[in-house]
Amino acid sequence: MSTSKSKSKVQPLSDQEIQQTYSRLQNELQSLAGKIGELEQEAEEHGLVLSTLNEALQVEPGRKCFRLIGGVLVERTVRDVVPALQTNREGIKKVIANLAEQYTSKERDFETFKRDYSARPISRA
């Protein structure tokens, strides 16, 4: 085995391949950003519902509430729903953190690609 890892491990690509890769990476970043935004919105909604239900939990833990599970509306008590919502919100936050890491990694890859191939957006007049 030799240590033939050169400083430049850039594979020559045609202009079309560079353009396709640039567009693909850009689309992947946009997709990840969109998904992160959706999940942040969902986590925020969970927080609003939890703040309301926490008040009810203090006053009347046996109070009826309804929850949509898999498209089916089910009747539960506040006491039952609050822990499930907290678990869901924490799960959403973990997914957001994971997606944020993926985004950062993908962004680094994209910047490296742009630097290696001197790629930039094509301006269309």
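Structure above, values below:
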read-out	value
Peptide ranges 42-48, 63-69, 80-86 listed from the most packed, as the mean C-beta count within 10 angstrom indicates	80-86, 42-48, 63-69
Carbon and sulfur %, accessible surface of segment 67-112 computed with the full protein complex present, 1.4 Å	51 percent
Two-decimal Rg to Rh for segment 85-125 - Kirkwood Rh, Cα set	1.33
Straight-distance crosslink candidates among aspartates and glutamates, where the alpha carbon sits under 14 Å from Lys106 and sequence neighbours closer than 8 are dropped	Glu28
Helical contribution to [θ] at 222 nm, DSSP H n ≥ 4, -39,500 (n - 2.57), averaged over the chain, rounded to 500	-25000 deg cm²/dmol
Rounded to 10°, Cα long-axis angle of helix 15-59 versus longest principal axis of the chain	20 degrees
Listed residue pairs exceeding 22 Å between alpha carbons, taken from Lys35/Lys94; Lys64/Lys93; Lys35/Lys114	Lys64/Lys93; Lys35/Lys114
Rg followed by Dmax, in Å, when the chain is reduced to its Cα trace	23.5, 72
Positive minus negative residues near Glu28 (Lys, Arg vs Asp, Glu; Cβ under 13 Å)	+2
Pairwise label distance in nanometres, Lys94 with Lys64, each label 7 Å out on the Cα-Cβ vector	3.4 nm
Cα pair distances exceeding 18 angstrom across segment 56-110, given as percent	53 percent
Top positive-direction residue, dipole computed over the chain with Cβ charges, set Leu13, Thr104, Gly70	Leu13
Over segment 23-125, relative contact order from alpha-carbon pairs under 8 Å, at least 6 apart, %	33 percent
For Ile96, net neighbour charge (Lys/Arg +1, Asp/Glu -1) across residues whose Cβ lies under 12 Å away	-2
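The values are calculated or read from the model by the stated rules, or taken from the named source; none is laboratory data. For clarity, every value in this text was computed on a predicted model and none was experimentally measured. Backbone-built Cβ (ideal geometry, glycine too); neighbour counts: all protein chains shown. Ligands, DNA and RNA are stripped out before the accessible areas are found, and what is left, the full protein with its side chains, is counted by its heavy atoms. Shrake-Rupley method; radii C 1.70, N 1.55, O 1.52, S 1.80 Å.
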